[in-house]
Amino acid sequence: MQFLQNIAYQPILGFPVIGYLGIFSYLFLVAAAMVMVLTRRKIKRIPPKYHFMLARITIVLATLHGILALSVYI
C-alpha cells in the first residue's frame, strides 16, 4: 500500500496526482452530461458514442481516484 500512497501524493507542478485525477474525473463527468444536454435540447447533434466514451473514461478516472484515496487509510 505504501506504493499507492507514494503515487497518490506524488507532486506534479506542486499538486498531487490524486488531485489531478479528481479534477479530470469531474471535468469528464460534466462533458458527458453536456453531450446529452446539447443533444436533447437539439442545440447540437452529437452521436451517442461520444457520450459513452466520455462515461467510460470518467468511470476509469474516478475508480483510480477512489483507489488512491482509500490507499491512504489502509
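Bear in mind these aren't lab numbers, they're just calculated from the coordinates by the rules spelled out. No experiment lies behind these values; they were computed from the predicted model shown. Methodologically, a virtual Cβ is constructed for each residue, glycine included, from the backbone with ideal geometry; neighbour enumeration extends over all protein chains shown.
Enclosing the Cα atoms of the chain in their convex hull gives a volume equal to 87 cubic angstrom per residue. Quick check: the distance between the Cα centres of the range 1-25 and the range 60-74, to the nearest angstrom? Cα centroid of the range 1-25 versus Cα centroid of the range 60-74: 10 Å apart. Relative to the first principal axis of the alpha-carbon coordinates of the chain, what is the inclination of helix 48-71, with its axis defined by its Cα atoms, in degrees from 0 to 90 and to the nearest 10? Compared with the principal axis, the helix lies near 20 degrees. Counting only alpha carbon atoms, the long axis of helix 17-40 and the longest principal axis of the chain meet at about 10°.
What net charge is computed for the residues neighbouring A33, neighbours being all others with C-beta under 15 Å from the C-beta of A33, Lys and Arg scored +1, Asp and Glu -1?
+4
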